[in-house]
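Accompanying notes for the structure given below.
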Amino acid sequence: MALITILNGPNLNLLGKREPHIYGHDTLEHVEALCTSRAEALGHEIRFLQSNAEHQLIDWIHEARDNSAAIVINPAAYTHTSIALRDALSAFDGPVAEIHISNVHAREEFRHHSYISAIADTVICGAGIAGYGFAIEAVSAKI
Ligand code: CA2
């Protein structure tokens, strides 16, 4: 059994409460339940976290170096801005999956570039919250 750290970036605590036409009606609690169920089916445990603070996400990535076999991350808007998150993920030895609920490539131009994708093992977008399950399957296959 391995631990998979699942990180959620800024504003994802609002999931299901605003902008359902983009992100759907499911809340972050629903996402956690989906992740727990998928990970357990594959024989793994999860540590499911959300923060609006870049430094907190970086600290959790550093902790994952010692306690996790893989990281699944929805970096939210930090996807498009944060070299610091990319550097932290680069220092993690296990598989990393980047996941976006929406299809970022069908949205505004500023969402088309990700600082994370080039160092991720897996990139999933546009599958809704089901993408979290696909990301867990992808990293599980690489653990
Ligand atoms: O599609 C995704 O999962 C995103 O990572 C979500 C981010 C966005 O900045 C990325 O470009 C794509 C936004 C997360 C904020 O989520 C909200 C949910 C409900 C209401 C408001 C924001």
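The values are calculated or read from the model by the stated rules, or taken from the named source; none is laboratory data. Here the structure is a predicted model, which is why all the values come from computation and not from measurement. Virtual Cβ from ideal backbone geometry, glycine too; neighbours counted across all protein chains shown. All accessible areas refer to the heavy atoms of the entire protein, side chains included, with ligands and DNA or RNA removed. Shrake-Rupley method; radii C 1.70, N 1.55, O 1.52, S 1.80 Å.
A few remarks follow.
- Qualifying residue in the range 129-142 (condition: without any contact (Cβ under 8 Å) to a residue 12 or more places away in the chain, farther than 23 Å from Ser51 by Cβ, of a type in the set (D, E, K, R) and open to solvent by 10 Å² or more (accessible area, probe 1.4 Å)): no
- All positions within the range 1-50 that are basic (Lys, Arg) and more than 23 Å from Val139 (Cα to Cα): Lys17, Arg18
- Qualifying residue in the range 76-96 (condition: part of a loop (DSSP other than H, G, I, E, B) and open to solvent by 50 Å² or more (accessible area, probe 1.4 Å)): yes
- Pick from the range 12-49, criterion in a loop (DSSP other than H, G, I, E, B) and of a type in the set (Gly, Ala, Ser), ranking: nearest to Asn103 (Cα to Cα): Gly24
- Residues that are at pLDDT 95 or above and away from the ligand (no atom under 15 Å from the Cβ) occur at least once in the range 73-85.
- In the range 97-126, the qualifying residues are those that are farther than 21 Å from Cys35 by Cα and in contact with a Cys (Cβ under 8 Å, 6 or more places away or on another chain), and the one that is surrounded by the most Cβ atoms within 10 Å (Cβ to Cβ) is Val104.
- Contacts under 6 angstrom Cβ, first residue in the range 10-23 being on the phi < 0 side of the Ramachandran plot, partner at pLDDT below 95 and more than 7 Å from the ligand (Cβ to nearest atom), 6 or more apart: none
- Qualifying residue in the range 33-53 (condition: open to solvent by less than 40 Å² (accessible area, probe 1.4 Å), of a type in the set (S, T, N, Q) and within 11 Å of the chain's Cα centre (by Cα)): no
- Filtered by the rule that a residue be more than 7 Å from the ligand (Cβ to nearest atom) and either open to solvent by 50 Å² or more (accessible area, probe 1.4 Å) or over 15 Å from Phe48 (Cβ atoms) (or both), the range 17-28 gives Pro20, His21, Ile22, Gly24, His25, Asp26.
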